[in-house]
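In what follows, a single structure is set out as structure tokens and then discussed.
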Amino acid sequence: MARTTAAPAAAGVVLVQEAWVSAEVRGEELDSLATWSSEDGRVWLFATGKSSHRLSLFDGDSGAVLRTVGERGDRPGAFNRPNGVSVFGDLLFVVERDNRRVQVLSLPGFEPIGAFGQDQLRSPYGIWLNEVAPGELDAYVTDSFMYGARFDQLPADQELDQRVRRYRLDVGDDRLDARYLGAFGATSGAGKLHMVESIAGDAAHDRLLIAEEDRNRPSNLREYNLAGRFAGRSLPEGTFDGEAEGVVLWTCGVDSGYWIAVDQQAPRTHFHVFERAGLVPVGSFHGASVARTDGIALHAAATARFPAGAFYAVHDDLAVAAFDLGDLVQALQLDPACLH
């Protein structure tokens, strides 16, 4: 039987005012977010554009639109339906659904250094990276392939063991070697992953949280371990009134901190916060305007505008928004040690 924790109260979703909401960038269909810090202290905020087949680059302190990167295609440096995005060091990882690959580029110049997954991925979406040794990463990539003329038919249960694929990467400034380690996903019971996109992990607690996004079922985050076994637990039933979308880990020390999970809604997205170790609900918040959020990103380091760090969220596929982490700590009475 699946284990659950107590559901958070329906009331008590507090307002936290956005520090800013960027100008709208129409035609992009923004989805996932990641940040990178330059040597001079600037923070770049990357957003994937599913419809424009490129990346939008924002200033992490002001929200100003800086530039776009890429175009539609399958050559190195081009993209086809980019979705998930992640940063490790000075490397940018971009998941391309329709090129069926994960492309890796070097920052700050966006030079392509390689790609992986072309031989296994069928419809990839999200990615989480875990450093297992210096220069070695495990990459977990969700693969939400579907069947039918409109790609709206779920695979048979026996194929759900391919919902997450894992790769061992040997990476450097100008090299990428990848080895496929196999796929996983429960084919029966409460751990089944019917439709998947967002994924995030916590190596200290041997935990992956994976979003179940089948609209014909209650949406939730399933807990797996890093070896790919269902842990027997999901987040509290009834947590998500909309769809479970982005999820990020806010680390505070070796094993403390918080998870923040998107409850995609309109007219306002709700963000649910859980204690890191036990997944105990500690509060929920919404912004004054942010709605229909897909991707989120957390930048816990100090910046010129955000000395306590920032939390970023996509707004309605059209813009990005920033919240001051100091405001979140105050509004939800979180551990102030997370700000240091």
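The values are calculated or read from the model by the stated rules, or taken from the named source; none is laboratory data. What you are looking at is a predicted structure, and each value in this text was computed from that prediction instead of being measured. Cβ coordinates were reconstructed from backbone atoms using ideal geometry, including for glycine residues, and neighbour counts include every protein chain displayed. Surface accessibility is based on the protein's heavy atoms, side chains included, excluding ligands, DNA and RNA. Shrake-Rupley method; radii C 1.70, N 1.55, O 1.52, S 1.80 Å.
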Legend entry - Cut-off under 5 Å, modelled amide H: who pairs with residue 111 long-range: 106
Legend entry - For region 46-151: rounded, prolate or oblate by the Cα gyration tensor [a/c cutoff 1.5]: oblate
Inset, instruction - Quick one: pull the percent of accessible area on the chain belonging to carbon and sulfur, 1.4 Å probe, ligands and nucleic acids left out. - result: 45 percent
Legend entry - Whole-Hz ³J(HN,Hα) from phi, Karplus 6.51 cos²θ - 1.76 cosθ + 1.60, for region 297-312, glycine and proline x: 8, 10, 10, 7, 7, 5, 10, 4, 7, 10, x, 9, x, 9, 10, 10
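To the nearest 20 Debye, how big is the dipole of region 1-136 about its Cα centre, given +1 on the beta carbon of each Lys and Arg and -1 on that of each Asp and Glu?
560 debye
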Legend entry - Long-range HN-HN contacts of residue 88 with modeled amide H, under 5 Å: 93
Legend entry - Rg over Rh, two decimals, the chain (C-alpha only, Kirkwood Rh): 0.93
Legend entry - Residues with amide H under 5 Å from that of residue 18, placed H, sequence gap 5 or more: 288, 289
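Relative contact order, percent, of the chain when contacts are C-alpha pairs under 8 Å separated by at least 6 residues?
Relative contact order comes out at 16 percent.
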Inset, instruction - Mind checking the per residue accessible area of the chain for me, 1.4 Å probe, whole number of Å²? - result: 41 Å²
Legend entry - Within region 180-283: Cβ-based charge dipole about Cα centre, in debye rounded to nearest 20 (Lys, Arg +1; Asp, Glu -1): 180 debye
Inset, instruction - Please compute P(r) over all alpha-carbon pairs of region 101-158, binned at 10 Å starting from zero, and give each bin as a whole-number percent. - result: 19, 39, 28, 13, 2
Legend entry - Selected from 231, 204, 186 as most flexible by GNM, with the chain as the system and alpha-carbon contacts under 10 Å: 204
Inset, instruction - Mind running the shape call on region 233-340? Use the C-alpha gyration tensor, a ≥ b ≥ c as the square roots of the eigenvalues: rounded below 1.5 for a/c, prolate if a/b tops b/c, oblate otherwise. - result: oblate
Inset, instruction - Using just the helices of the chain, give the 222 nm mean residue ellipticity in deg cm²/dmol: DSSP H runs with n ≥ 4 each add -39,500 (n - 2.57), and the total is spread over all residues, rounded to 500. - result: -500 deg cm²/dmol
Legend entry - Three-way shape label, region 153-297, alpha-carbon gyration tensor, a/c 1.5: oblate
Inset, instruction - For region 133-138, just list the computed ³J(HN,Hα) in residue order, Karplus coefficients 6.51, -1.76 and 1.60, θ = phi - 60°, integers in Hz, with x standing in for Gly and Pro. - result: 6, x, x, 10, 10, 9
Inset, instruction - With a point put 7 Å past each Cα toward its Cβ, work out how far residue 66 is from residue 231 in nm, to one decimal. - result: 3.4 nm
Legend entry - ³J(HN,Hα) computed for each position of region 61-69 - Karplus, 6.51 cos²θ - 1.76 cosθ + 1.60, integer Hz, glycine/proline x: 8, 10, x, 5, 6, 8, 5, 10, 10
Legend entry - Dipole of region 42-129, positive end: most advanced residue of 76, 44, 105 [Cβ charges, Cα centre]: 76
Inset, instruction - Treat every Asp and Glu Cβ in the chain as -1 and every Lys and Arg Cβ as +1, leave all other atoms uncharged, and give the resulting dipole magnitude about the Cα centre to the nearest 20 debye. - result: 640 debye
Legend entry - trypsin sites (Lys or Arg not before Pro) lying in DSSP loop within region 4-90, provided at most 16 other Cβ fall within 10 Å: 26, 42
